[in-house]
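Report on the following structure.
The values are calculated or read from the model by the stated rules, or taken from the named source; none is laboratory data. As the structure is a prediction and not an experimental result, all values here were calculated from the model. Cβ sites come from the backbone with ideal geometry, for glycine too, and all protein chains shown count toward neighbours. These accessible areas exclude ligands, DNA and RNA; they are computed on the full protein's heavy atoms, side chains included. Shrake-Rupley method; radii C 1.70, N 1.55, O 1.52, S 1.80 Å.
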Amino acid sequence: MNLEATYQKILSEIDQGHRGLQRYSNEELEEINRLFLESLMGQNFEATEKVLCLVEHSAGLYGQFENAIIQTLNSSVPDNLVIFALNCARKHIIEARFQKGQRLDYTFLEAIKKHLFSKNPEVVEWTLRLIEGTGNQGIYFLKEFDKIKPGPWKWFNSHQRAVREIITLLERRWSPLEKPRT
């Protein structure tokens with residue numbers, strides 16, 4: 001598989017207003033996974049970005065990407081790659097596990113948790129959007145929300161405002177789960 005050609009094909013389709021989804025054979029998926037891990041270990045962030053693009057635009061779910069995505073979330077990578085990895089996690093970890101009826105793994109939840117405390121409000125926003133997609137398993141993060149809620153003076157930043165709105169939404173959604181029934 002030619003990584004650069006596939007990457008350019010996806011970008012071209014997106015530029016034309018298409019979704020850019022690609023169907024890969026099992027061999028191609030294994031090669032993408034191998035390239036993903038190699039680029040991450042070599043800290044070749046340009047290649048990692050291209051591989052993440054291929055992963056995100058995969059038409060099917062491929063749970064084998066889980067390890068590489070979690071490694072990305074646990075690594076010191078630029079914020080744009082963290083956001084890319086969070087989007088890939090929604091599809092290839094959360095949806096893939098839910099489709100099989102499996103719970104989310106503790107290592108994945110912990111990898112997400114550290115991004116709630118990112119200095120970049122956009123990373124926090126996308127982390128909260130991912131947590132929203134975890135369903136009731138996201139209640140694991142409820143106690144962290146008070147620590148990251150932005151004050152009213154930060155609401156002029158669109159990402160900070162979105163963080164506040166998503167936290168409010170999640171707190172309301174889970175509040176009946178936390179109250180003891182009498």
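Dividing the mean sequence gap of close Cα pairs (under 8 Å, 6+ apart) by how many residues segment 50-98 holds gives a relative contact order of 54 percent.
Counting only DSSP H runs of at least 4 residues, each contributing -39500 (n - 2.57), and dividing by the residue count of the chain, the helix-based mean residue ellipticity at 222 nm comes to -18500 deg cm²/dmol. The apolar share of the surface of the chain, taken as the fraction of accessible area on carbon and sulfur atoms (1.4 Å probe, ligands and nucleic acids excluded), comes to 48 percent. Within the full protein context, the accessible area of Trp126 is estimated at about 80 Å² for a probe radius of 1.4 Å. Calculate how large, on average over all directions, the projected area of the Cα convex hull of the chain is; give the answer in nm² to one decimal. Average projection, Cα convex hull of the chain: 12.1 nm².
Of the cross-linked pairs Lys50/Lys113; Lys50/Lys149; Lys119/Lys149; Lys50/Lys100; Lys91/Lys149, which ones have a Cα-Cα span greater than 21 Å in the structure shown? Before the final figure, lay out each step's value.
Values: Lys50/Lys113 25 Å; Lys50/Lys149 33 Å; Lys119/Lys149 13 Å; Lys50/Lys100 28 Å; Lys91/Lys149 27 Å.
Going by Cα-Cα distance, Lys50/Lys113; Lys50/Lys149; Lys50/Lys100; Lys91/Lys149 fall outside the 21 Å limit.
Relative protection proxy for 1-12, 29-40, from highest mean packing down: 29-40, 1-12 (other beta-carbon atoms within 10 angstrom). Solvent-accessible surface of the chain, averaged per residue with a 1.4 angstrom probe and all protein chains in place: 55 square angstrom. If one computes P(r) from the Cα atoms of segment 1-83, what percent of pairs lie at distances over 21 Å? The share of Cα pairs beyond 21 Å in segment 1-83 comes to 25 percent.
Show Phe84, Phe108, Phe156 ordered by accessible area, largest first, where the area counts protein heavy atoms only and the probe is 1.4 Å.
Working: Phe84 40, Phe108 0, Phe156 185 Å².
Sorted by accessible area, descending: Phe156, Phe84, Phe108.
Note on segment 83-122: Rg/Rh from C-alpha atoms, Kirkwood Rh, equals 1.02.
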